[in-house]
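The values are calculated or read from the model by the stated rules, or taken from the named source; none is laboratory data. The shown structure was predicted, so the numbers you read here are calculated from the model rather than taken from an experiment.
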Amino acid sequence: MGEKIIAINKDLNGDIAEVMTHTGRVISIQQAMQEAAEGKFDSITSLDKEGNWTIANSTGDGQPESGNNLDMLPSFAEAMHEGESLQ
């Protein structure tokens, strides 16, 4: 099973610049896009800096699923704060 994206960091234009995975790894959006194409994320097979994503075959029916809500994930600071409150 691949990594899950749990938080994002945006640039001054409001585009996603970096993502954080559930393992705490922080990578650029360009690296995340490459890793999604290589199947390294849990389910997501493509994504972009605007927060759009695709899952090639989410329900087993052969039809792709897509969405545009990655930009609604918490910021790195918010994700770190949430993690501290759980301990």
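Restricting attention to the stretch 64-79 and to residues that are in a strand (DSSP E or B) and among the small types (Gly, Ala, Ser), the residue that is farthest from GLU18 (Cα to Cα) turns out to be SER66. For the stretch 27-62, filtered to residues that are among the small types (Gly, Ala, Ser), at negative phi and within 10 Å of the chain's Cα centre (by Cα), the residue that is modelled with the highest pLDDT is ALA32.
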